[in-house]
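Novice: This is the structure I want to talk about, given as structure tokens.
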Amino acid sequence: MAVSGKDDVFAPWKDATAEPLIKINGVTKRFGDFTAIDNISLEIYPQEFFALLGPSGCGKTTLMRMLAGFETPTSGVISIDGQDMSTVPPNKRAVNMMFQSYALFPHLSVWENIAFGLRRDGLDKEKIAARVEEMLKLVQLGKFAKRKPHQISGGQRQRVALARSLAKAPKLLLLDEPLGALDKKLRQETQFELMDIQEKTGTTFVIVTHDQEEAMTVASRVAVMDHGQLIQVETPEVIYEQPNSVYVADFIGDVNLIEGSVSGLDSGAELAWAEGRDPLIGQPGASLSKGQSASFAIRPEKIAISAEEPQDRRNRVQGKILDIGYLGNLSTYHVELPDGPIIKCEVGNRSRIERRDFTWEDEVWLSWSDTAGLVLPR
Amino acid sequence: MRRLLVGVPYVWLLVLFLVPFGIVLKISLSDIALAIPPYTPTLDLSGGWAGIREFFSQLDLENYVFLTSDDLYWKAYLSSLQIAVIATFLTLLAGFPIAYGMARAPEEWRPALLMLVILPFWTSFLIRVYAWIGILSTEGFLNQFLLWTGLISEPLTILNTNTAVYIGIVYTYLPFMILPIYATLERMDASLLEAAEDLGCSRIQAFWLVTLPLARPGVVAGCFLVFIPTLGEFVIPSLLGGSDTLMIGKVLWEEFFNNRDWPVASAVAIILLLILIVPIILFQRNQQLNREAEQ
């Protein structure tokens, strides 16, 4: 996450005096009958690392292409740095894009690819050379300057694409699934590199991704999208711990969802979920009314597992172990409750030679605190 | 088994290229004669070793010397080269926009457009060239149409001029230009053009800086595919060209059939082949480089 030089945390969206770089105001985009973007309003601030997250077809790429100028909104206004963008073509915007396919020019060398945009600006030769060298250094590709794109690896191509899109020092850099083509290990390394580069250059980044882990890692704020709408726009912590809907809770990370209806709102929110059982108690995730049908959302790592009935917690259920998944750093237990639902619960494997207390078919108790779960309207 | 498989193309080349080439080469070194076949010497194995020696001693380069003595021949070679270069350029001018339009057309249209380019091959080349006589002659469709629109008051003389030859060549070889260019343009990633625009190019700049360089292999291949057969073209100049249209293919035909001078005709053919070897080798190298670049 980007942190400003001052001691306080970088959060311009909370500062009423901060001026947003991008203002998206009531933007709708239709392709024929299909509404790709449905009346979205959003503000993105300078130096943010902003992620548009959602499944394919949710409209995130369309929104990004409108920022780049490749699509024009059907209605609504997009302004960048105070300027209305509706009549500005892509080649006249202080916005650059890193393409999902990288779109490196195959007939040009790495050096010439990076210099491409600078040459269009009509800079003199020394200035171009100096800037290209600076970019090559930034992405650590100095040795490969003379190679053609087909002579370097996928990870190197990704960095050339990044260097090329940063060379013109845009106000806004758009990244379309920038790490999608890399393998997992390289992807994780590159995520941190991206954050480093974003911090060094101070450029505003908007990244489009369907990979929630990637969005959570790199972004200062995440916008979760579905069917052309913004479902929630918040910091990764809030998105994870305070999702405003079942959709967001389910899309980000792992979650157990138990369906029921709101039975009380006195101490937290109570959810009646099965006949003859005590209600589950959690935090209300949105405004709720009594009797409303709702889901109880609880993350697997917030559930404790024990052989004895825990007396100190109100949220406790008994069940039978159905499956155990050993993942190395943690183990996942799938516990079947008598009434049918299966609850996932994660336990960290802290010591190397752990005595594992539970095995298949064991009767166990699952418990969690009153503040661990959320009650979300359905 | 493996030798057999590898051997098949070699046997093919030997029987269908090298043997005929050897025969033509031999005739070009012979002398004209009033006989059947109309040249001498002919190889007679019954004469034994002495007969073979006698046969080889009669072969000489006389016909090649003759080609340099009459300026008709080198003028015909030069004129053929000039017509082939100009015609290739004209075909490129006509073919590139068509290929570009096809590659940019909606995907569901492309097979139909491709079909339209290939369709003329379904009728005989000769008939199609004859059809152009009907279009280009003084009383032809083109003149009638132009007279009807009032653009001209006197019919134009197009048939039996070099203009008609160029029209015929461009028409005939257009598919050979369109197809390789279309293949390279169609493969091009559309996001490359968006990237160029994103980096500050106008549409026209993006065309010059990205589309054209990437289409280069197709353009080069297309140019060779048109240039090589055009250089030796005989049918089009003899049907559409006039008496002043000088092309080596036509000269070769006249030597062979009108003058019945097989040895000189063979010498003309051998020289033509030597001239063609250069562009053919260049073409092969271009194809090789493209294959390497794709790997």
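Novice: Got a number for residues in region A:299-319 being exposed (fewer than 15 other Cβ atoms within 10 Å of the Cβ) and in a strand (DSSP E or B)?
Specialist: 2
Novice: Would it be correct to say that residue B:155 is closer than 28 Å to residue B:286 by Cα and either more than 14 Å from every other protein chain (Cβ to nearest Cβ) or in a helix (DSSP H, G or I) (or both)? Full working, then the answer.
Specialist: Working: closer than 28 Å to residue B:286 by Cα: no; either more than 14 Å from every other protein chain (Cβ to nearest Cβ) or in a helix (DSSP H, G or I) (or both): yes.
For residue B:155, the condition - closer than 28 Å to residue B:286 by Cα and either more than 14 Å from every other protein chain (Cβ to nearest Cβ) or in a helix (DSSP H, G or I) (or both) - is not met.
For (1) in contact (Cβ under 8 Å) with a residue 12 or more places away in the chain; (2) farther than 19 Å from residue B:84 by Cα; (3) assigned by TED's automatic domain parsing to the domain that holds residue B:243, each residue gets a yes or a no:
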position	(1), (2), (3)
B:127	no, yes, yes
B:147	no, yes, yes
B:160	yes, no, yes
B:170	yes, no, yes
B:177	yes, no, yes
B:183	yes, yes, yes
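Novice: Given (1) at pLDDT 95 or above; (2) within 24 Å of the chain's Cα centre (by Cα), identify the lone condition not met by residue A:113.
Specialist: Status for residue A:113: all satisfied but (2).
Novice: Please state which of the following conditions residue A:199 fails to meet, knowing it meets all the rest: (1) under 20 Å from residue B:209 (Cβ atoms); (2) surrounded by 14 or more Cβ atoms within 10 Å (Cβ to Cβ); (3) at pLDDT below 95.
Specialist: (1)
Novice: Would you mind listing the strands (runs of 3 or more DSSP E) fully within region A:41-154 where at least 2 residues are buried (at least 19 other Cβ atoms within 10 Å of the Cβ) and among the charged types (D, E, K, R)? Spell out the reasoning first.
Specialist: Numbers: elements: A:49-53, A:75-80, A:95-98.
Filter on region A:41-154 gives an empty set.
Novice: Residue A:174: surrounded by 21 or more Cβ atoms within 10 Å (Cβ to Cβ), within 30 Å of residue A:79 (Cβ to Cβ), among the aliphatic types (A, V, I, L, M) and within 10 Å of another protein chain (Cβ to nearest Cβ), yes or no? I'd like the intermediate steps shown before the answer.
Specialist: Working: surrounded by 21 or more Cβ atoms within 10 Å (Cβ to Cβ): yes; within 30 Å of residue A:79 (Cβ to Cβ): yes; among the aliphatic types (A, V, I, L, M): yes; within 10 Å of another protein chain (Cβ to nearest Cβ): yes.
Considered against the rule, which asks whether it is surrounded by 21 or more Cβ atoms within 10 Å (Cβ to Cβ), within 30 Å of residue A:79 (Cβ to Cβ), among the aliphatic types (A, V, I, L, M) and within 10 Å of another protein chain (Cβ to nearest Cβ), residue A:174 comes out as yes.
Novice: Which one is surrounded by the fewest Cβ atoms within 10 Å (Cβ to Cβ), of the residues in region B:195-213 that are under 33 Å from the mean Cα position of the chain (by Cα) and within 15 Å of residue A:90 (Cα to Cα)?
Specialist: Here the residue is B:204.
Novice: In addition: Do you know which residues across region B:236-253 are under 19 Å from the mean Cα position of the chain (by Cα) and either closer than 24 Å to residue B:42 by Cα or surrounded by fewer than 15 Cβ atoms within 10 Å (Cβ to Cβ) (or both)?
Specialist: Taking region B:236-253 first, the residues under 19 Å from the mean Cα position of the chain (by Cα) are B:236-241, B:245-253.
Matches in region B:236-253: B:252, B:253.
Novice: Are any residues in region B:255-274 farther than 19 Å from residue B:42 by Cβ and exposed (fewer than 15 other Cβ atoms within 10 Å of the Cβ), and if so, which ones?
Specialist: Passing the criteria: B:257, B:258, B:259, B:273, B:274.
Yes/no matrix, rows are residues, columns are (1) part of a loop (DSSP other than H, G, I, E, B); (2) within 30 Å of residue A:208 (Cβ to Cβ):
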position: A:225; (1), (2): no, yes
position: A:233; (1), (2): no, yes
position: A:238; (1), (2): no, yes
position: A:267; (1), (2): yes, no
position: A:278; (1), (2): yes, no
position: A:282; (1), (2): no, no
position: A:324; (1), (2): no, no
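The values are calculated or read from the model by the stated rules, or taken from the named source; none is laboratory data. Remember, predicted model here, so these are calculated numbers, not experimental data. Here Cβ is always computed from backbone atoms with ideal geometry, including for glycine, and neighbour counts include all displayed protein chains.
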